[in-house]
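The values are calculated or read from the model by the stated rules, or taken from the named source; none is laboratory data. Please read these numbers as outputs of a predicted model, since none were measured by experiment. Note that we place each Cβ from the backbone using ideal geometry, even for glycine, and neighbour counts take in every protein chain shown.
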């Protein structure tokens with residue numbers, strides 16, 4: 001199946017209602033408005049296909065680029081591939097999904113996340129913190145740099161309320177991920193979350209809310225799921 005064949009098949013699946021929803025969430029580029037559930041049917045059929053993922057991403061159409069993120073082979077994605085994907089993402093919405101998910105599952109997630117959180121532009125910072133959260137969700141604790149994570153938690157605690165909205169949202173997500181996925185750091189993340197308090201973010205024309213990190217971590221703890229990793233960062 002070629003990228004053009006996929007475009008021809010998925011374009012009619014788009015709806016004005018879903019296009020409106022995605023615009024409200026911040027999607028700015030070309031958009032068919034295909035629901036994720038429909039795209040995941042293609043993911044199931046295609047599985048992982050590196051070249052097709054690159055071709056789909058290069059179409060510049062949000063739906064195809066999102067699908068590219070679902071079928072990308074993380075083991076074949078170089079740092080330059082991932083940097084190129086970040087550059088080509090028209091908005092942070094796509095980047096924080098497709099780019100962060102694929103980066104986190106591959107061998108370059110940590111290095112690129114650390115590069116991106118220190119970048120000058122907001123989109124890179126958003127993706128950097130999102131990548132870190134996803135790394136925590138899928139990598140074994142033995143593969144993580146615990147002292148570095150403590151340093152990042154301190155950085156978030158000291159700077160989160162001064163950051164732009166979407167960066168602030170992702171930093172809050174990092175605290176939650178640290179508390180939920182890294183058992184050794186759960187108590188430290190919880191203390192930091194209490195100190196940070198409620199994080200205020202303008203969510204625009206959406207019904208989305210900012211999770212209160214202490215409550216979220218405690219809820220996961222009550223379910224006995226602290227430290228339980230995910231099979232995949234992608235969804």
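With within 16 Å of residue 101 (Cα to Cα) and without any contact (Cβ under 8 Å) to a residue 40 or more places away in the chain as the only criterion, which of 31, 54, 70 stands out?
Of 31, 54, 70, the one residue that is within 16 Å of residue 101 (Cα to Cα) and without any contact (Cβ under 8 Å) to a residue 40 or more places away in the chain is 54.
List the number of the failed condition for residue 96; all other conditions in (1) closer than 26 Å to residue 201 by Cβ; (2) in a helix (DSSP H, G or I); (3) in contact with a helix residue (DSSP H, G or I) (Cβ under 6 Å, 6 or more places away or on another chain); (4) at pLDDT 95 or above hold.
That leaves (4) as the condition not met.
Which members of region 202-223 meet the condition of being outside any helix (DSSP H, G or I) and either farther than 30 Å from residue 106 by Cβ or at pLDDT below 95 (or both)?
Residues satisfying the conditions are 202, 203, 204, 205, 206, 207, 208, 209, 212.
Report yes if some residue within region 135-143 is in a helix (DSSP H, G or I), in contact with a helix residue (DSSP H, G or I) (Cβ under 7 Å, 6 or more places away or on another chain) and without any contact (Cβ under 8 Å) to a residue 24 or more places away in the chain; otherwise report no.
Within region 135-143, not a single residue is in a helix (DSSP H, G or I), in contact with a helix residue (DSSP H, G or I) (Cβ under 7 Å, 6 or more places away or on another chain) and without any contact (Cβ under 8 Å) to a residue 24 or more places away in the chain.
Does residue 185 qualify as being at pLDDT 95 or above, within 22 Å of residue 74 (Cβ to Cβ) and either surrounded by 13 or more Cβ atoms within 10 Å (Cβ to Cβ) or in contact with a helix residue (DSSP H, G or I) (Cβ under 8 Å, 6 or more places away or on another chain) (or both)?
Considered against the rule, which asks whether it is at pLDDT 95 or above, within 22 Å of residue 74 (Cβ to Cβ) and either surrounded by 13 or more Cβ atoms within 10 Å (Cβ to Cβ) or in contact with a helix residue (DSSP H, G or I) (Cβ under 8 Å, 6 or more places away or on another chain) (or both), residue 185 comes out as no.
With 52, 56 as the choices, which residue is more than 26 Å from residue 141 (Cβ to Cβ) and either outside any helix (DSSP H, G or I) or touching a helix residue (DSSP H, G or I) at 6+ places or on another chain (Cβ under 6 Å) (or both)?
56
When you check residue 188 against the structure, is it assigned to a helix (DSSP H, G or I), more than 19 Å from the chain's Cα centre (by Cα) and more than 18 Å from residue 129 (Cβ to Cβ), yes or no?
Against the criterion (assigned to a helix (DSSP H, G or I), more than 19 Å from the chain's Cα centre (by Cα) and more than 18 Å from residue 129 (Cβ to Cβ)), residue 188 does not qualify.
So for region 105-112 (the condition being over 20 Å from residue 25 (Cα atoms), under 13 Å from the mean Cα position of the chain (by Cα) and in contact (Cβ under 8 Å) with a residue 60 or more places away in the chain), does at least one residue qualify?
For region 105-112, residues over 20 Å from residue 25 (Cα atoms), under 13 Å from the mean Cα position of the chain (by Cα) and in contact (Cβ under 8 Å) with a residue 60 or more places away in the chain: present.
Would a scan of region 146-169 turn up a residue that is crowded, with 18+ Cβ neighbours inside 10 Å, more than 17 Å from the chain's Cα centre (by Cα) and closer than 21 Å to residue 105 by Cα?
For region 146-169, residues crowded, with 18+ Cβ neighbours inside 10 Å, more than 17 Å from the chain's Cα centre (by Cα) and closer than 21 Å to residue 105 by Cα: present.
For the list (1) touching a residue at least 12 places away in the same chain (Cβ under 8 Å); (2) surrounded by fewer than 24 Cβ atoms within 10 Å (Cβ to Cβ), I need the number of the one condition that residue 85 fails.
Evaluating residue 85 over (1) touching a residue at least 12 places away in the same chain (Cβ under 8 Å); (2) surrounded by fewer than 24 Cβ atoms within 10 Å (Cβ to Cβ) leaves (2) as the failure.
Quick check, is residue 30 at pLDDT 95 or above, closer than 20 Å to residue 233 by Cα and surrounded by fewer than 22 Cβ atoms within 10 Å (Cβ to Cβ)?
Spelling it out, it is not the case that residue 30 is at pLDDT 95 or above, closer than 20 Å to residue 233 by Cα and surrounded by fewer than 22 Cβ atoms within 10 Å (Cβ to Cβ).
Is it the case, given these coordinates, that residue 231 is loosely packed, with under 13 Cβ neighbours inside 10 Å, touching a helix residue (DSSP H, G or I) at 6+ places or on another chain (Cβ under 9 Å), touching a residue at least 12 places away in the same chain (Cβ under 8 Å) and within 22 Å of residue 95 (Cα to Cα)?
In short, yes.
Any idea which of 142, 134 is surrounded by fewer than 23 Cβ atoms within 10 Å (Cβ to Cβ) and either at pLDDT 95 or above or within 13 Å of residue 175 (Cβ to Cβ) (or both)?
From the options 142, 134, the qualifying one is 142.
Evaluate region 114-125: report whether one residue or more is part of a helix (DSSP H, G or I) and surrounded by 24 or more Cβ atoms within 10 Å (Cβ to Cβ).
Yes, the conditions are met somewhere in region 114-125.
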